[in-house]
């Protein structure tokens with residue numbers, strides 16, 4: 001039995017994609033490992049048609065070619081199934097706070113499938129690892145599990161290694177929390193209002209810009225003084241989920 005105390009299932013997941021830009025790139029493979037409070041596990045792995053070409057340099061990393069996913073369904077046709085699988089769960093991954101979760105949120109937004117990821121707790125095993133022993137996933141697997149990571153950058157191999165590394169981390173570091181909430185707080189790099197980190201919360205849970213000329217300033221103040229900044233963001237190359245967040249702020253401001 002694992003050391004992690006679960007009050008509900010947690011899903012560890014890993015995404016392989018056409019690239020690392022959550023706005024323009026797309027998922028090509030995603031693997032989920034659902035861990036239940038009683039210790040049972042369920043794995044679900046699926047290939048996704050990204051509907052755009054996979055660059056050759058990306059194929060060199062994960063080995064997935066255009067022809068490998070040509071007959072697979074696009075994300076929009078798997079979105080409801082995925083949302084159902086994740087319902088009532090927390091999430092875990094490796095570098096997931098910075099990449100996998102923003103990418104997943106963006107795919108759901110494009111598919112127009114509503115799932116409130118913000119209600120979930122997130123454990124980022126990479127953040128825990130970097131705080132404790134700064135290295136890569138392959139090195140983490142060797143360091144914590146004394147194993148070699150075969151088929152690195154295969155979504156299922158990576159997600160399985162991620163779960164094993166977390167269990168080994170909890171065995172090694174007595175100071176780590178044994179709850180999802182505690183580990184989520186420990187592995188959070190910042191308190192983001194969106195998933196891409198463009199908008200963050202201050203200590204009073206007020207949204208601030210986290211980029212550009214207005215970095216550190218209240219979003220509502222800038223939109224009040226400079227409404228064109230909202231329009232610029234909505235027409236700009238920002239993630240769809242970020243646009244939803246600023247629209248909520250803008251509409252609330254207009255109502256007050």
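The values are calculated or read from the model by the stated rules, or taken from the named source; none is laboratory data. Keep in mind that this is a model prediction, so the values were computed, not measured. When we count neighbours, we look across all protein chains shown, and the Cβ atoms used for this are built from the backbone with ideal geometry, even at glycine.
Scanning the stretch 60-105 for residues that are assigned to a helix (DSSP H, G or I), within 21 Å of the chain's Cα centre (by Cα) and free of Cβ contacts under 8 Å to residues at least 40 places away in the same chain yields a count of 7. Exactly one residue out of 131, 121, 112, 147 is over 18 Å from residue 31 (Cα atoms) and touching a strand residue (DSSP E or B) at 6+ places or on another chain (Cβ under 6 Å): that is 121. Does residue 181 meet the test of being touching a residue at least 24 places away in the same chain (Cβ under 8 Å), surrounded by fewer than 15 Cβ atoms within 10 Å (Cβ to Cβ) and under 30 Å from residue 243 (Cα atoms)? Taking the combined requirement at face value, the residue satisfies it.
Among the strands (runs of 3 or more DSSP E) confined to the stretch 1-54, there are none with at least 1 residues that are out of contact with any strand residue (DSSP E or B) (no Cβ under 6 Å at 6 or more places or on another chain) and buried (at least 22 other Cβ atoms within 10 Å of the Cβ).
For the stretch 138-148, state whether one or more residues are at positive phi and either free of Cβ contacts under 8 Å to residues at least 40 places away in the same chain or surrounded by fewer than 19 Cβ atoms within 10 Å (Cβ to Cβ) (or both). Checked against the condition, which is being at positive phi and either free of Cβ contacts under 8 Å to residues at least 40 places away in the same chain or surrounded by fewer than 19 Cβ atoms within 10 Å (Cβ to Cβ) (or both), the stretch 138-148 yields at least one hit.
Scanning for something farther than 30 Å from residue 48 by Cα, crowded, with 17+ Cβ neighbours inside 10 Å, in contact (Cβ under 8 Å) with a residue 40 or more places away in the chain and not assigned by TED's automatic domain parsing to the domain that holds residue 90, does the stretch 190-208 turn up at least one residue? Yes, there is a match, as at least one residue in the stretch 190-208 is farther than 30 Å from residue 48 by Cα, crowded, with 17+ Cβ neighbours inside 10 Å, in contact (Cβ under 8 Å) with a residue 40 or more places away in the chain and not assigned by TED's automatic domain parsing to the domain that holds residue 90. Of the candidates 131, 118, 87, the single residue that is at pLDDT below 90, loosely packed, with under 15 Cβ neighbours inside 10 Å and either more than 22 Å from residue 171 (Cβ to Cβ) or not assigned by TED's automatic domain parsing to the domain that holds residue 51 (or both) is 118.
When you scan the stretch 74-84, do you find a residue that is surrounded by 14 or more Cβ atoms within 10 Å (Cβ to Cβ), in contact with a strand residue (DSSP E or B) (Cβ under 9 Å, 6 or more places away or on another chain) and farther than 19 Å from residue 195 by Cβ, even just one? Yes, the stretch 74-84 has at least one match.
Within the stretch 80-100, the set of residues being touching a helix residue (DSSP H, G or I) at 6+ places or on another chain (Cβ under 7 Å) and under 18 Å from residue 129 (Cα atoms) comprises 91, 92, 93, 94, 95, 97.
For the stretch 189-200, the criterion of a residue being closer than 21 Å to residue 14 by Cα and in a helix (DSSP H, G or I) is satisfied by no position.
Being loosely packed, with under 13 Cβ neighbours inside 10 Å, in a helix (DSSP H, G or I) and either assigned by TED's automatic domain parsing to the domain that holds residue 138 or at pLDDT below 95 (or both): is that true of residue 171 here? When the stated conditions are applied, residue 171 passes them.
Of all residues in the stretch 202-217, exactly one satisfies the criterion of being in a strand (DSSP E or B) and out of contact with any strand residue (DSSP E or B) (no Cβ under 6 Å at 6 or more places or on another chain), namely 209. When the stretch 215-228 is filtered for residues that are within 15 Å of residue 251 (Cβ to Cβ) and within 27 Å of the chain's Cα centre (by Cα), the ones remaining, listed by number, are 219, 220. Restricting to the stretch 229-244, and then to whatever is assigned to a helix (DSSP H, G or I) and free of Cβ contacts under 8 Å to residues at least 40 places away in the same chain, can you tell me which residue is nearest to the chain's Cα centre (by Cα)? Step by step, filter the stretch 229-244, then rank; the result is 243. Of the set (1) modelled with pLDDT of 95 or more; (2) part of a helix (DSSP H, G or I), all apply to residue 57 but (1).
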